[in-house]
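Peer 1: Handing you a structure now.
Laboratory data are not the source of any read-out in this text; all were calculated from the coordinates shown. Computed from a predicted structure; not experimentally measured. Cβ: placed from backbone, ideal geometry, glycine included. Neighbour counts: every protein chain shown.
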Amino acid sequence: LRIAALISGSGSNLQALLDAIEARHLPGVEIALVISNKANAFGLQRALKHKVPALYLPWRTREEWERRVIDLLQLFQVDVIVLAGFMRIISADFITRYPERIINLHPALIPDGGKGDTYTTSDGSLIPVFRGMHAPLQALEAGVRVTGSTVHYVVPEVDAGPPICRREVPIEAGDTEDTLQERIKKVEHQLIVEAVKIHQQRV
Ligand code: GRF
């Protein structure tokens, strides 16, 4: 299974995959290519350190960017795309080219099937589905006691595709956006590896 990771920043989830591969926890999985829309994304350095091809592709227009990515995906014979902290919206055209071949990490709980505005947590409480860029902050502001992270297939609707796996993360008294985000990220580092394993077994 050849993965392309699209990133915009730190790339700690990319690191989790690189480490799992190095530790032989993901036999048959390889990061074929890392592409960033930001020149200074630290994830590019993480990739190069592991001798993974990494490139910065400046974002001029969405259309041009996606066209170049599609060429690269073919060139590098990529099977699946992981959006690992990729901060741009990709077009419906691009997404429909790769049905159930684009995986995203979202720092909130997304219900089965991916759609709907509520999620039932394991203790039976009904919480809103926090979509978009500031999901951990939204969870804090809503005053819920539990949020989480979901790895899901990407569909044209944002943060709405069918989950591959997900986990609840408790919100603790005194949490700030930063502390909550950190707790979620620790969980994500395990979830992304799990999701790639599940996907690999499906295809
Ligand atoms: C993660 O929290 C993910 O849920 C969100 O962006 C963050 C990426 O972090 N989509 P990193 O770049 O992998 O450290």
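Peer 1: Treating only the Cβ atoms of Lys and Arg (+1) and Asp and Glu (-1) as charged, compute the dipole magnitude of the chain about its Cα centre; round to the nearest 20 debye.
Peer 2: Using Cβ point charges on Lys, Arg, Asp and Glu, the chain gives about 660 debye.
Peer 1: Here is a further query. Would you please give the residues with an amide H less than 5 Å from that of residue 147, counting only those at least 5 places away or on a separate chain, with H modeled from the backbone geometry?
Peer 2: Those qualifying (amide H under 5 Å, at least 5 residues apart or on another chain) are 169, 171.
Peer 1: Follow-up. Need one number: the % of Cα-Cα pairs in the range 49-155 sitting beyond the 22 Å mark.
Peer 2: It works out to 43 percent of all Cα pairs.
Peer 1: Let me ask you something else. For the chain, what is one quarter of the convex hull surface built on the Cα atoms, given in nm²?
Peer 2: Directional mean of the projected Cα hull area for the chain stands at 11.1 nm².
Peer 1: While we're looking at this one, here's another question. Please list, or write none, the lysines whose alpha carbon is within less than 26 Å of the alpha carbon of residue 197, excluding same-chain residues fewer than 8 places away.
Peer 2: 49, 51, 115, 185, 186
Peer 1: Could you line up 30, 188, 22, 66 from fewest to most neighbouring Cβ atoms inside 10 Å?
Peer 2: 22, 30, 66, 188
Peer 1: Of the beta bridges DSSP finds with both residues in the range 15-148, what % are antiparallel, to the nearest 5?
Peer 2: About 35 percent, rounded to the nearest 5.
Peer 1: Moving on. Enumerate the amide H contacts of residue 165 below 5 Å, restricted to partners 5 or more residues apart or on another chain; note that Pro and chain-start residues carry no placed amide H.
Peer 2: HN-HN under 5 Å from residue 165: 151.
Peer 1: Now, a different point. How would you rank 38, 49, going from fewest to most other Cβ atoms within 10 Å of each one's own Cβ?
Peer 2: Ascending Cβ contact count within 10 Å gives the list 49, 38.
Peer 1: I'd like the FRET efficiency for residue 2 and residue 182, computed as 1/(1 + (r/R0)^6) with the beta carbon distance as r and R0 of 25 Å, rounded to 0.05.
Peer 2: 0.25
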